[in-house]
Structure formats: structure tokens, C-alpha cells
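Encoded as C-alpha cells, the structure appears first; notes follow it.
The values are calculated or read from the model by the stated rules, or taken from the named source; none is laboratory data. In this text the structure is predicted, and so the values were computed from the model without any measurement. As a convention, Cβ positions derive from the backbone with ideal geometry for all residues, glycine included, and neighbour counts pool all protein chains shown. Only protein heavy atoms, including side chains, enter the accessible area calculation; ligands, DNA and RNA are left aside. Shrake-Rupley method; radii C 1.70, N 1.55, O 1.52, S 1.80 Å.
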Amino acid sequence: MSPHVIEQVAAQRWSTVVRSEVRRHLGSGRSRVRTAVIVGLGVLAGLGALAFVAAFDPRGAGGAAGSVPVAMETAAGVVAVLAGLAALSSAAAETSDGTVLSSLLVVPNRLRLLTARAVAPMVTGAVAGLLAAGLVLAGGFAVSGGTGIDVRLAAMSMVAAALVVPLTALLGFLTGTLARRGAAAMAVAMGALLVLPLAIGAAQLAAPPALTPLLSFALAATPGVAVMQALSVTSSQPGALPVFVMGLGMLAAWIVIVAAGAHARFRREGHNA
């Protein structure tokens with residue numbers, strides 16, 4: 001590498017690398033299609049929740065209007081999980097096919113490259129979460145004419161979607177970077193999202209009452225439950241921290257833990273390829 005090129009690489013700004021990674025990520029047709037599918041599934045889940053409430057409420061659409069914020073949270077939850085899995089799969093695939101090694105030739109600073117690559121799924125996740133929640137809100141207004149919709153809760157649900165979905169995508173990206181291989185990464189994700197909560201729930205049924213508080217905390221600490229709790233701005237617990245605050249705290253804790261492992265793993269990327 002010539003001295004001129006070395007100087008250019010050393011002078012790289014983090015913002016420049018971020019813009020390059022975001023353009024590469026959003027410029028992919030596969031990425032755009034995948035994001036559209038994720039948004040569509042989220043909207044279907046949210047509108048399905050509204051339709052379910054309307055079907056059993058004697059007031060019909062008027063009764064469903066009160067459930068619009070919950071439907072928005074449902075849509076955001078579906079988008080969050082799918083965006084996390086998509087980011088996980090993409091990060092693992094880029095490691096497996098050697099894309100990361102090519103990127104390291106252009107951006108040798110591993111921490112700079114890792115953090116820049118993490119921004120792209122977060123941007124996509126934020127857009128997808130806001131779009132899905134916004135479309136469900138628009139559907140709620142169209143069905144009910146706006147009557148009965150709690151605007152304050154709806155606004156809080158939008159904020160939660162804008163915050164939690166990109167954080168979940170970040171966690172998925174970091175997990176994929178840590179696991180490195182698609183099959184291993186997906187196995188870890190399925191274990192954290194499905195197997196672990198089910199196992200803890202089953203243990204709660206058989207365990208003695210003295211272990212109930214510990215198992216309840218363990219269940220709330222699983223990543224999937226933490227994401228759902230972080231989106232639950234419509235839930236309230238008098239005399240305790242709000243559910244969404246506890247969920248955000250647990251989600252942030254998981255991000256810090258997995259980020260430490262992903263950074264350590266990424267520092268060794270390519271040395272034993």
C-alpha cells in the first residue's frame with residue numbers, strides 16, 4: 001500500500017464510513033424488499049389486532065379505537081423481532097462470504113468499521129418501525145374517524161417504536177457478529193426468543209413458591225420479553241417502575257454485554273480466516 005493511500009485511510013472519518021455503509025445497505029435490492037416485507041407483516045399484525053378487538057366489542061370500530069396504541073405496539077413488536085433477525089442474518093452472512101474482509105481492506109480500523117456497520121440496520125429498523133406503527137395509526141383513524149383514540153398514548157407508542165426497533169436491530173447485528181456463522185447465530189436467536197422463555201415459564205409452574213420472584217426476573221431478563229416490555233408504554237404498574245422502563249433497561253444491558261463480545265471477536269476477524 002502506497003504512503004498516499006495509507007494517509008487517506010488514516011484520515012478516514014467515522015461519518016464517512018457510516019454514510020458508505022448505509023448507502024451500501026440501503027442500495028441493495030434484497031435489503032429494500034426485506035424491509036418492505038417486514039413492514040407489511042408488522043402492519044398486518046397491528047391491523048389484525050384492531051380487527052380482533054372490533055369483532056368482540058359490541059361497539060365495533062368505536063371500541064377498537066381505544067386499542068389503537070396497543071395495536072401500534074403489536075406492529076412495532078413484530079417489526080422489531082423481524083428486523084433483529086434480519087440484521088443477525090445479514091451480519092453473519094457478511095462474515096461467512098468474506099464481505100467483512102473486503103471492507104477491512106478499505107477501513108482497517110476495526111472499531112470504526114464495526115460501529116459504522118451497526119448504524120445501517122438501526123436506520124432501517126427505525127424507518128420500518130415508524131412506518132409500520134404510523135400505518136396502523138392511520139388505519140385506526142380511518143376505521144374510527146379518530147374518536148376514542150388516546151393521542152398521548154399513540155404518540156408514546158410511536159416514540160417507543162422509533163427507539164426499540166433500532167435497538168433490537170442493533171442487538172441482532174451484534175449477535176450475528178459474535179456468532180459469525182448463520183446457523184449458529186440463528187440457533188442462538190431462536191433459543192433466546194423462544195426456547196429460553198418457554199423453559200423458564202415451564203419452570204415457574206413446577207418450582208416452589210420461594211423461587212417465583214427469581215424465575216419472574218429471569219423471564220423478564222430474556223431478550224424477547226425485554227423487547228416486548230420496552231414497547232409496552234400502555235402498561236402500568238402502580239408503585240413500581242413502568243414496564244417499558246424495565247424493558248429498555250434490560251435491552252440496553254443485553255446490548256452492552258453482546259457488544260463487548262462482538263467487539264472482541266471482530267478484533268480477531270481475518271487473523272484465523
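Could you do me a favour and compute the accessible area per residue for the stretch 124-273, 1.4 Å probe, result in Å²? Don't skip to the answer; put the middle values down first.
Working: 7380 Å² over 150 residues.
I get 49 Å² per residue for this part.
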Charge dipole of the chain built from unit charges on the beta carbon (Lys, Arg +1; Asp, Glu -1), centred at mean Cα; most positive-end Cα among VAL195, LEU113, PRO166 is LEU113
Please list 24-32, 224-232 highest first by mean number of surrounding beta-carbon atoms within 10 Å per residue. 224-232, 24-32
Point-charge dipole on Cβ atoms (K/R +1, D/E -1) for the chain, about Cα centre, debye to 20: 720
Where the accessible area of the stretch 148-273 is counted over protein heavy atoms with a 1.4 Å probe, how much of it, in %, is carbon and sulfur? 75
In 5 Å bins starting at zero, report the fraction of Cα pairs in the chain per bin as a rounded %. 1, 6, 11, 15, 15, 14, 12, 10, 7, 4, 2, 1, 1, 0, 0, 0
In degrees rounded to 10, the 0-90 angle between helix 29-56 Cα long axis and the longest Cα principal axis of the chain is 10
Tilt, helix 14-26 to longest principal axis of the chain (alpha-carbon atoms), in degrees rounded to tens, equals 60
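When the convex hull of the C-alpha atoms of the stretch 90-190 is computed, what volume per residue in Å³ does it have? Working shown, then result.
Details: hull volume 11.4 nm³, N = 101.
It comes to 113 Å³ per residue, whole-number rounded.
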Between helix 151-179 and the chain, what is the angle of the helix's C-alpha long axis to the longest principal axis, kept within 0 to 90° and rounded to the nearest 10? 40
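Net charge near GLY42: determine it from the other residues with C-beta under 14 Å of the C-beta of GLY42, scoring Lys and Arg +1 and Asp and Glu -1.
Details: positive: ARG34; negative: GLU73.
Charge balance in the 14 Å sphere: 0.
So how do 40-49, 211-220, 160-169 stack up, highest first, on mean other-Cβ count within 10 Å? Don't jump to the answer; show the numbers that get you there.
Values: 40-49: 19.6, 211-220: 13.7, 160-169: 26.5.
Result, highest mean first: 160-169, 40-49, 211-220.
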With all distinct Cα pairs included, what does the Kirkwood hydrodynamic radius of the stretch 154-205 come out to in Å, to one decimal, could you say? 12.8
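Would you please put 124-131, 105-112 in order of how densely packed they are, using the mean number of other Cβ atoms within 10 angstrom per residue and starting with the highest?
Working: 124-131: 23.9, 105-112: 14.1.
Most protected by this proxy first, the peptides run 124-131, 105-112.
The stretch 142-186: which trypsin sites (Lys or Arg not before Pro) are DSSP loop and have at most 13 other beta-carbon atoms within 10 angstrom? Write out the running numbers ahead of the final one.
Values: sites: ARG152, ARG180, ARG181; in loops: ARG180, ARG181.
Of the trypsin sites (Lys or Arg not before Pro), the ones in loops of the stretch 142-186 whose Cβ has at most 13 other Cβ atoms within 10 Å are ARG181.
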